[in-house]
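Contents: one structure, followed by commentary.
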Amino acid sequence: LSPHGARGGLPSRIPEDQRAITVPVSEITGVAGFVMPGDYVDVLHTSAIGRKDNLPVTRVLLQNVPVLGIDQSSNQDQGKPQVVNAVTLVTSIEAAQRVTLALATGSITLVLRNEFDASLLAVNDVQWTDLVPFIPEPEKPRVVKRQRREPPADAPKPQVEVIRGLQVTKQSVPG
């Protein structure tokens with residue numbers, strides 16, 4: 001049912017002071033088709049923006065965002081996964097701006113939430129170094145048996161110059 005004078009449909013389902021924004025998704029970024037209208041998602045943003053090392057980082061962009069609708073061309077068979085190309089979210093205008101900028105500067109991924117969990121989490125950004133296990137510095141090799149090669153017989157003997165005043169002499173150094 002719609003209020004008197006309203007057209008009905010999707011616009012009447014958007015709460016006052018909120019906006020609907022549609023984001024492109026794939027089978028992967030859209031939680032393999034398990035996102036349905038009425039679900040809640042978190043939005044992750046992966047980008048190298050703002051990084052001096054130009055390596056990507058993943059940030060939590062939005063949490064606990066209601067899903068208003070999914071791709072119109074998808075089959076509305078409830079409970080079964082549906083691979084969709086777009087998901088419509090309900091956000092504030094500022095959050096819609098963030099999502100739009102995130103799409104222009106990197107990639108976004110939707111993370112499906114438990115239907116009863118409305119908690120907001122304090123989370124850290126995840127960097128590529130978090131994916132690589134800590135690799136300690138390699139140990140210096142331990143000498144098991146030290147051995148030196150003999151110089152060839154025809155190799156010149158090492159010599160040093162001895163300078164005493166104005167007199168310079170050369171002396172061989174024993175091996």
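The values are calculated or read from the model by the stated rules, or taken from the named source; none is laboratory data. Since this is a predicted model, take the numbers as computed values, not measurements. Note that each Cβ is placed from the backbone with ideal geometry, even for glycine, and that neighbours are counted across all protein chains shown. Surface accessibility is based on the protein's heavy atoms, side chains included, excluding ligands, DNA and RNA. Shrake-Rupley method; radii C 1.70, N 1.55, O 1.52, S 1.80 Å.
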- Ordering of 138-147, 157-166, 121-130, 93-102 by burial proxy (mean other Cβ atoms within 10 Å per residue, highest first): 93-102, 121-130, 157-166, 138-147
- Those aspartates and glutamates that a straight Cα-Cα span of less than 14 Å connects to residue 170, excepting residues fewer than 8 apart in one chain: 161
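Using r as the Cβ-Cβ distance of residue 128 and residue 97, and R0 as 45 Å, what FRET efficiency do you calculate, to the nearest 0.05?
0.95
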- Message: I'd like the carbon and sulfur percentage of the solvent accessible area for region 96-151, probe radius 1.4 Å, heavy atoms only, ligands and nucleic acids excluded.
- Response: 55 percent
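In region 23-65, which trypsin sites (Lys or Arg not before Pro) are in a loop and have at most 10 other Cβ atoms within 10 Å, using DSSP for the loop call?
Qualifying residues, ordered by number: 52.
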- HN-Hα J in Hz across region 60-68 - Karplus 6.51, -1.76, 1.60, θ = phi - 60°, x for Gly and Pro: 7, 7, 9, 10, 6, 9, x, 8, 8
- Tell me, what ³J(HN,Hα) does each residue in region 83-96 have, in order and in whole Hz, if you take phi through Karplus 6.51 cos²θ - 1.76 cosθ + 1.60 with θ = phi - 60° and put x for Gly and Pro? 6, 10, 9, 8, 10, 9, 10, 9, 9, 6, 5, 5, 5, 5
